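Let me begin by presenting the structure, written as structure tokens, before commenting on it.
The values are calculated or read from the model by the stated rules, or taken from the named source; none is laboratory data. Note that the structure is a prediction, hence the values are computed from the model and not measured. Cβ sites come from the backbone with ideal geometry, for glycine too, and all protein chains shown count toward neighbours. When the accessible area is computed, the model is the full protein with side chains, heavy atoms only, and any ligands, DNA or RNA have been set aside. Shrake-Rupley method; radii C 1.70, N 1.55, O 1.52, S 1.80 Å.
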Amino acid sequence: MDILIVGSGGREYSIALALDKDKDVQNVYMAPGNGATNKFAKNIDISDFEKLADFVEEKKIDLTIVGPEAPLVDGIVDIFKKRGLLIFGSSKEASKLEGSKIYMKNFLKRYNIPTASYIQTDDFEKAARFIDTLKEPMVVKADGLCGGKGVIIAQSAEAAKNAAKDMLSGDSFGDAGRSIIIEEFLDGYELSVFAICDGKDYKILPAAQDHKRLLDGDKGPNTGGMGAYAPTPLIDKELYKKIEKRVIEPTLLGMQKEGTPFEGVLFIGLMVMDGEPVVLEYNVRFGDPECEVLMPLLKTPASQLFFKAASKDLKNLNLEFYDKFAVAVVVASQNYPYKSSTPSEIIIDKSIHVELEETHISYAGVVQEDGKLYATGGRVLLCIGLGDSIKEARDRAYMLCGQIHFAGKQFRHDIAYQALKNDR
Ligand code: AMP
Ligand code: GLY
């Protein structure tokens with residue numbers, strides 16, 4: 001099978017790595033890929049969807065997998081399907097679950113799926129009145145896509161009003177912020193739950209935990225995610241059941257009723273409060289860095305998972321995972337998430353102390369020049385460790401982190417702390 005992956009980050013790198021190990025896969029193409037993906041894939045510099053579909057036809061590529069949300073929200077799946085090409089991802093209409101927070105919140109309300117109480121508005125006075133009814137802190141969210149940065153946890157009503165004003169004026173996020181959500185703050189622990197869906201059936205993956213804040217101890221600004229681990233012990237059979245019955249199944253039924261059956265990755269960002277799942281958000285793609293810990297745990301060949309989902313045959317998939325844990329630590333550039341950094345060379349120590357099988361790097365923000373890799377900013381790479389316990393996986397990931405160098409590298413030192421509270 002030949003496969004095209006759309007995207008360029010660590011998430012897409014980890015999917016390519018899983019396909020590289022899969023003996024049913026011959027050629028992997030990536031559009032556009034990054035400076036490290038060309039080790040095992042062919043990078044293709046085409047972004048126009050019709051031209052990409054031409055390329056897929058010309059090369060007779062069997063399946064396309066879409067990594068990030070932007071091409072999904074922009075309708076890549078609809079274009080490929082219209083041309084009879086097999087593609088894994090959600091349609092433009094179904095991608096509104098991620099593309100518009102207002103659509104998502106109203107959907108949750110319509111189908112009685114638990115979520116934080118909220119209002120939507122484009123009017124500052126209405127926002128200010130609702131803010132005054134909430135306990136501090138409270139949350140202000142831009143409606144549209146903001147690269148994971150459109151959510152402000154405001155510690156005071158005044159800060160919330162300032163955030164609302166900046167969003168509504170277009171100052172902070174342009175048009176994406178001209179409509180906003182104000183909602184109550186939920187106090188609990190977060191889980192990332194993924195269901196692979198084919199419009200009728202779904203398969204749930206082991207739950208993961210992300211670390212959204214920049215600094216240790218969950219301090220500092222929200223980022224795209226600074227590290228993840230899976231499976232998390234913060235979920236048991238009973239909670240999985242509640243998530244399936246109260247969230248996943250009503251969501252998939254709701255999407256069918258809306259005339260937009262859901263295919264692709266349903267990523268549910270959950271807050272667990274007193275053992276009850278409450279939906280923070282949906283995304284229509286894998287989480288990044290969650291994907292980087294889920295892919296190496298996958299025992300079923302990755303091509304089977306994506307192929308059967310894209311061809312609406314999930315019910316015939318036997319999905320298996322290794323009985324192991326994975327931890328990913330994001331190594332970011334100096335100025336992340338505030339601004340870009342100047343490129344710096346990445347040096348990796350020659351002596352890797354742990355078994356190579358049990359650690360690896362997923363590259364994200366890198367370019368290659370004259371055979372050297374340079375960190376180009378943002379989230380540069382992820383150090384992933386596998387192990388028979390979370391602690392072992394964590395220690396391996398951090399050992400690898402210490403063997404990678406570039407000017408200004410920063411990372412969190414406490415990834416998986418919630419799972420390791422009693423086990424340091
Ligand atoms: P979202 O993009 O909506 O998932 O928000 C990004 C992050 O902001 C979440 O992963 C949470 O850490 C935090 N967050 C969003 N909404 C809330 C809320 N209502 N209460 C507490 N934290 C929240
Ligand atoms: N890791 C969270 C996200 O991808 O949105």
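Any residue in segment 221-243 that is among the β-branched types (Val, Ile, Thr), in a strand (DSSP E or B) and at negative phi?
No, that holds for no residue.
Taking the criterion of being of a type in the set (A, V, I, L, M, F, W, C) and open to solvent by 50 Å² or more (accessible area, probe 1.4 Å), would at least one residue in segment 214-221 satisfy it?
Yes, segment 214-221 contains at least one residue that is of a type in the set (A, V, I, L, M, F, W, C) and open to solvent by 50 Å² or more (accessible area, probe 1.4 Å).
Say we look at segment 1-51 and pick out the residues that are in contact (Cβ under 8 Å) with a residue 40 or more places away in the chain and in contact with an Asp or Glu (Cβ under 6 Å, 6 or more places away or on another chain); which of these is surrounded by the fewest Cβ atoms within 10 Å (Cβ to Cβ)?
So, considering only residues that are in contact (Cβ under 8 Å) with a residue 40 or more places away in the chain and in contact with an Asp or Glu (Cβ under 6 Å, 6 or more places away or on another chain), the one surrounded by the fewest Cβ atoms within 10 Å (Cβ to Cβ) is 2.
I want to confirm something. Restricting to segment 243-277 and keeping residues that are in contact (Cβ under 8 Å) with a residue 60 or more places away in the chain and among the polar types (S, T, N, Q), which single residue is most open to solvent (accessible area, probe 1.4 Å)?
260
Of all residues in segment 52-80, which are over 15 Å from residue 9 (Cα atoms), part of a helix (DSSP H, G or I) and open to solvent by less than 40 Å² (accessible area, probe 1.4 Å)?
Correct list: 52, 53, 55, 56, 72, 73, 76, 77, 80.
Looking for something open to solvent by less than 10 Å² (accessible area, probe 1.4 Å), within 25 Å of residue 69 (Cα to Cα) and assigned to a strand (DSSP E or B) - is there at least one such residue anywhere in segment 293-316?
No, segment 293-316 has no match at all.
For residue 189, work out the one condition from (1) within 16 Å of ligand 2 (Cβ to nearest atom); (2) open to solvent by 60 Å² or more (accessible area, probe 1.4 Å); (3) touching a Pro at 6+ places or on another chain (Cβ under 7 Å) it doesn't fulfil.
Against the list (1) within 16 Å of ligand 2 (Cβ to nearest atom); (2) open to solvent by 60 Å² or more (accessible area, probe 1.4 Å); (3) touching a Pro at 6+ places or on another chain (Cβ under 7 Å), residue 189 comes up short only on (3).
Looking at 234, 280, can you tell me which residue is farther than 22 Å from residue 7 by Cα, within 13 Å of ligand 2 (Cβ to nearest atom), among the aliphatic types (A, V, I, L, M) and open to solvent by 10 Å² or more (accessible area, probe 1.4 Å)?
280
I'd like to verify a number: residues in segment 144-184 that are open to solvent by 20 Å² or more (accessible area, probe 1.4 Å), within 11 Å of ligand 1 (Cβ to nearest atom) and under 21 Å from residue 74 (Cβ atoms), how many?
Number of matching residues: 5.
So residue 116 passes all but one of these: (1) without any contact (Cβ under 8 Å) to a residue 24 or more places away in the chain; (2) of a type in the set (Gly, Ala, Ser); (3) closer than 28 Å to residue 289 by Cβ. Which condition number does it fail?
Of (1) without any contact (Cβ under 8 Å) to a residue 24 or more places away in the chain; (2) of a type in the set (Gly, Ala, Ser); (3) closer than 28 Å to residue 289 by Cβ, only one is false for residue 116: (1).
From the residues in segment 68-77 that are of a type outside the set (A, V, I, L, M, F, W, C) and within 15 Å of residue 46 (Cβ to Cβ), which one is nearest to the chain's Cα centre (by Cα)?
Here the answer is 71.
Tell me yes or no: at least one residue of segment 165-173 is outside any loop (DSSP other than H, G, I, E, B), closer than 30 Å to residue 242 by Cα and in contact (Cβ under 8 Å) with a residue 40 or more places away in the chain.
No.
Can you tell me which residues in segment 275-303 are among the β-branched types (Val, Ile, Thr) and within 16 Å of ligand 1 (Cβ to nearest atom)?
The answer is 278, 279, 284.
For the structure I just gave you, tell me whether residue 349 is among the acidic types (Asp, Glu) and open to solvent by less than 50 Å² (accessible area, probe 1.4 Å).
No, not satisfied.
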